[in-house]
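My questions all concern the structure below.
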Amino acid sequence: MTSAGAGAASQIHWAQVRNNENLGHVSKYPLNRVTEQHAAHFYSRQHLPIEEDVFIRGVLALRSQDDIESEFRKLLRAGQWGQNTRLRIGEHRYSRIETEVLYNAWMSGKRETLWNLSRLHRLLIVACIYAAMTQGWDQAAMAGAAIEVMNNLGKSTVTGPSSGTAKRTTNSNVDLDKNTWLLGVTVGVPFFAGAVLGLIITDPITRFLGFGRRGAICIAGVFSLISVVGSAAVHKWEHLLGFRILLGAGMAGKASIVPILLSETSPKNVRGVLLVCWQLFVAFGLAAGSVANLSVYRLNIQSSWRYMFVAAFLPALLLLSLILFSPESPRWLLKESGAAKSQSGDTAQSQKLIRDAYLSLIDLRGEPSPILAAGEIYLMHTRLIDEQHRLKDELARTRPTTLPDEGPRAESRLVGEIEHIGWWPRVKLMFLYPGFTRRAHLAAAAVMISQQLCGINLLAFLADRFFRDSIIHHTQNTTPDENMQLLGTSFGFMFLNFSATTIALFQIDKPNGRRTLLNWSFPGMAISLLGSALVLTKPGERTAGVIAGHFIFLALFMIAYSAGEGPAAFVISAEVFPLVNRELGMSLAVFWNFMGAGVLAVIAPWLLKELGQFGVLLLFSGTNLFAWFLCSWLIPDTGIEALEDVFDRLDITTWFMFRYTVWKILWRVTKPLHWCLNFKTTTWSEAGFGRKPGSPRDEFDESKPNTQHTDGDTASQPEQYEMDGPLITNGHAAGGV
């Protein structure tokens, strides 16, 4: 080495981290029991396209992540971080590029993470955005088409002279007869069809046909494209109904798979933000579809509904042009590697799927060094084995039990292979066995059903029927100018929906961010609907002030929904299930959501007839309070965990959460009374009968005895295992994508 080279080498500053190979070392990150031998064994078995020493360094880096982050922060505080800083774990020396990759991944904030997403990851996000736009635009097309489509197809729903090709009956009860129900069926049938078909075909398409997440989304996009073009060409109501059923299959496929794909490919600190993109661009699709409706209505009033339907082909076409060029979910590929080996004994195919998962991680990360992708593929592999062990523990017992004392990173799970859990055992875990998976299903069902209980789809799907009562006040045939008013009002609310959804971007990824948004959203919606109803106390002709007050409260309702329940529903449902059960779980969640939307679409005209607009608003104000209780009871407190760790938040039992929710409600309700009775001696912050409830996690941990026990709905407690040192209790924490 020359003197100049020696001088340059002497300038290197090493960030030294101990290579903790002893089993007594504890890290808060989930690879703390991994050794170099474990990593080398995995590498030799899977034949990954990476140098062995680089792979081992990647695994060791994730194992020592907390120590590395601590060392990086120490160097930053001392002003010693610079271009010549290198990481060193024991005798393993990391290059400058590898050190920078680790630093950028672990020390960056949310904004830097989003800015540094790879090109292919951004392509995947854009494809998912087009899928969401397609979802919203399809719904907006029907909301606008409802003005003319039934009349044009000979199924008139209003009285008065005809403006279309089909004559309208002059029967005064025509808007309440069979045709009104048929309109509800036309609006609702995609949701009924999607609920059933999505449950039946989503899991087989991704699993048995081997199409994966991208392939399932592509098929859903094809269904959507065919359905909107076909709907625009029909001349009979029955044919329209058939294409609407096909649309339901496409809508269910996108709603089930797109949020899953986003959750499985997103870095943990921006997962919520990227999942909010689903609801954000569904709302954008609703707004864009409303603009299209306004634009084409005057072209040909009688056939305007055809243009409204066919305009929705545009985002579907863009989706199909991008989705197959996007990376596949590495987690799905890993899961399928176990199925390939378990069902056919094809070790070569299993190894190929694992290599594909690694290459997918490379594409998603887009970093100059594969150091993190190497560690994360091993991390995902071990955590999937851990997850399968848990689920098999649940299946092996008819009564809930705790996990075995050996920890998830015990030897058998570090050197084991991914297996396969069949369809019927996964169904039993959802419904028959108390534990993590059933509580995940309850959480997803609660938040999805609540999206229909809040009443948002009265505005989204039946804007014509709902706003007719607000603006026009009659059931006679509307003029083109009045229809433009209805379409313009619908666009205003859809645009507000899109704009207000951006509020969730700033809260969703904070600790307990999902529950916080829900706790603000539901009472806000309830109060807004109550206020909107109370300004309609006088029937008949309404003054401009009454109408303005009515719409101001409806706008507040839309803001409360868009900032909370709207985005949170699909965020929670996409992340709460274990990987083994994610397609089936999300399909069930979409089943509850779509079934509720379909029922609402069918009965909404009847509700408006029987209760009037005032009664309907009061009804949904009450159902919002019920939905608030339901979500407070069943939704876990999540926000910044890695995807696998969200599942761990479900160890709090449903019975405990019920008692906790009732306790907290009673405490909050009685707090004003206690303050009023003791206002001279008690401040507001000190008021409240009894002890103030803490967080659900803190209260649950305090309620447990010092030793593990079996609770009526508990399938797991934090794992405990013996090492060479004292007894260690290990929780699950974040790591990787």
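Computed from the coordinates by the stated procedures, all read-outs in this text should not be read as laboratory data. Predicted model only: the values in this text are computed from it and were never measured. Reconstructed Cβ throughout: ideal geometry from the backbone, glycine too, with neighbour counts over all protein chains shown.
Quote the FRET efficiency, to the nearest 0.05, computed for Phe626 versus Ile12 with a Förster distance R0 of 60 Å and r equal to the Cβ-Cβ distance.
According to the calculation, E is roughly 0.40.
What's the FRET efficiency of Cys676 with Trp655 using the Cβ-Cβ distance as r and R₀ = 51 Å, to the nearest 0.05?
Working from the Cβ atoms, E equals 0.95.
Could you work out how far apart the two model spin labels at Asn116 and Thr537 are, taking each label as a point 7 Å from the Cα in the direction of the beta carbon, and quote it in nm?
With each label point 7 Å from Cα toward Cβ, the separation is 6.0 nm.
What's the local net charge at Lys671, with K and R +1, D and E -1, over the other residues with C-beta under 13 Å away?
Local charge sum for Lys671: +3.
Further question: Structure shown: which of Lys268/Lys341; Lys254/Lys392; Lys510/Lys664 lie over 25 Å apart, alpha-carbon to alpha-carbon?
From Lys268/Lys341; Lys254/Lys392; Lys510/Lys664, over 25 Å: Lys268/Lys341; Lys254/Lys392.
How high is the relative contact order of the range 666-709, given as a whole-number percent (alpha carbon pairs under 8 Å, six or more residues apart)?
Relative contact order for the range 666-709 comes out at 36 percent.
Shifting gears a bit: Once the Cα gyration tensor of the range 595-681 is diagonalised, what are the square roots of 5 times its eigenvalues, in whole Å and ordered largest first, as equivalent ellipsoid semi-axes?
Working through the eigenvalues yields semi-axes of 32, 27, 10 Å.
Using 1/(1 + (r/R0)^6) with R0 = 45 angstrom and r between the beta carbons of Arg96 and Lys392, what's the FRET efficiency to the nearest 0.05?
Computed FRET efficiency for Arg96 and Lys392 comes out at 0.50.
If each of Asn300 and Val662 carries a label point 7 Å out from its Cα toward its Cβ, how far apart are those two points in nm?
Taking the simple label geometry, Asn300 and Val662 are separated by 6.3 nm.
Just to confirm a number: summing +1 for Lys and Arg and -1 for Asp and Glu over residues other than Trp14 whose beta-carbon lies under 9 angstrom from that of Trp14, what do you get?
In short, +3.
Using alpha-carbon pairs under 8 Å, 6+ residues apart, how would you state the relative contact order of the range 246-402 in percent?
So the answer I get is 15 percent.
Excluding residues fewer than 8 places away in the same chain, name every one of the lysines whose C-alpha is closer than 21 Å to that of Lys178.
Here the lysines satisfying the reach criterion relative to Lys178 are Lys155, Lys167, Lys236, Lys609.
Just add up the charged neighbours of Ser369: K/R +1, D/E -1, any other residue whose Cβ is under 9 Å from the Cβ of Ser369.
-3
Also, quick follow-up: Mind jotting down the distance between the C-alpha centroids of the range 245-260 and the range 501-557, whole Å?
28 Å
May I ask you to compute the full-extension gain from Gln80 to Met107, defined as 0.36 nm times their residue separation minus their alpha-carbon distance, rounded to one decimal in nm?
8.2 nm
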